[in-house]
Amino acid sequence: MNTKFQQLVKLFQRLPGVGPRQAARFVIALIEQPEESLRELGESINNLKRDVSFCNECFNISDNSHCHICHDMKRDRAKLMIVEKITDLESVEKTGLYKGLYHVLGGAINPLDKINPANLRIKELEKRLGEMAESNDIELIIATNPNTPGETTALYLRELFASASWRKKSVSITRLGRGLSSGSHLEYADEITLKNALEYRK
Ligand SMILES: [Zn+2]
């Protein structure tokens, strides 16, 4: 087998959910593309870090300093949903049921992967909450995944919030509820399950 081919297959396997067979299929599909479109793809990947920026408030992908959700004055500014990743935010947005704001942590606490609270956007979250709780009673919805890292993060946040100095106004903290089976990922939950989990948050 060609070593350059194998090298590219290995690179594709770094993407979430891509196994060796699928990676090989991707590379074969690329070989069949015209040179020009390959160059276009390469350039987009090359410039990805430079061209894609994040919302200063919630860390969603954005063209500007504030994403379309943070920008939307019709959203309920007393509700904040804390998610691990942008893909989780997108899954919840698809249900059309949630009208509050988000905060994307950038992952979940996982000592095995050397991800601790300092690697997540928790400082930024606390700063935001401080500002939000100045003037409003707020509801925090902890929507980390129902697996070990997600539960660890949820517990960590609850403990952190319990003693927070910004809790001048009333703060209710909920977690997505029934229907989400333990060990699963929000990102792959179907819309009906997510709707139930939102509706029956506890
Ligand atoms: Zn935003």
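Values for this structure:
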| item | result |
| --- | --- |
| Residues of the stretch 72-89 satisfying the condition of being free of Cβ contacts under 8 Å to residues at least 40 places away in the same chain and out of contact with any Phe, Trp or Tyr (no Cβ under 6 Å at 6 or more places or on another chain) | ASP72, MET73, LYS74, ARG75, ASP76, ILE86 |
| Residues of the stretch 173-195 satisfying the condition of being surrounded by fewer than 17 Cβ atoms within 10 Å (Cβ to Cβ), at pLDDT below 85 and not basic (Lys, Arg) | GLY177, SER181, SER182, GLY183, SER184, TYR188, ASP190, GLU191, ILE192 |
| Set ARG167, ARG75, ARG158: member being away from the ligand (no atom under 12 Å from the Cβ) and at pLDDT 90 or above | ARG158 |
| Count of residues meeting criterion [among the aliphatic types (A, V, I, L, M) and part of a helix (DSSP H, G or I)] in the stretch 129-153 | 3 |
| Answer from LEU125, LEU89 - the residue that is assigned to a helix (DSSP H, G or I), crowded, with 17+ Cβ neighbours inside 10 Å, within 12 Å of the ligand (Cβ to nearest atom) and not acidic (Asp, Glu) | LEU89 |
| Some residue of the stretch 46-67 being at positive phi, more than 16 Å from the ligand (Cβ to nearest atom) and loosely packed, with under 14 Cβ neighbours inside 10 Å | no |
| Neighbours by Cβ (under 6 Å, 6+ apart or cross-chain): first from the stretch 56-68, assigned by TED's automatic domain parsing to the domain that holds LEU120; second at pLDDT below 95 and more than 6 Å from the ligand (Cβ to nearest atom) | none |
| Filter result for GLU36 (more than 14 Å from the ligand (Cβ to nearest atom) and either surrounded by 13 or more Cβ atoms within 10 Å (Cβ to Cβ) or modelled with pLDDT of 95 or more (or both)) | yes |
| Total residues in the stretch 19-73, condition assigned to a loop (DSSP other than H, G, I, E, B) and among the polar types (S, T, N, Q) | 6 |
| Enumeration of residues in the stretch 1-18 that are surrounded by 10 or more Cβ atoms within 10 Å (Cβ to Cβ) and either part of a helix (DSSP H, G or I) or more than 28 Å from the chain's Cα centre (by Cα) (or both) | PHE5, GLN6, GLN7, LEU8, VAL9, LYS10, LEU11, PHE12 |
| Within the stretch 107-122, tally of residues that are surrounded by fewer than 16 Cβ atoms within 10 Å (Cβ to Cβ) and in a loop (DSSP other than H, G, I, E, B) | 2 |
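For (1) of a type in the set (A, V, I, L, M, F, W, C); (2) in the same structural domain as GLU187 (by TED's automatic domain parsing); (3) over 21 Å from THR87 (Cβ atoms), each residue gets a yes or a no:
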site: ARG14; (1), (2), (3): no, no, no
site: ALA29; (1), (2), (3): yes, no, yes
site: GLU35; (1), (2), (3): no, no, yes
site: SER44; (1), (2), (3): no, no, no
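The values are calculated or read from the model by the stated rules, or taken from the named source; none is laboratory data. From a predicted model like this one, the values you see are computed outputs, not experimental measurements. Heads up, the Cβs are rebuilt from the backbone with ideal geometry, glycines too, and the neighbour counts pull from every protein chain shown.
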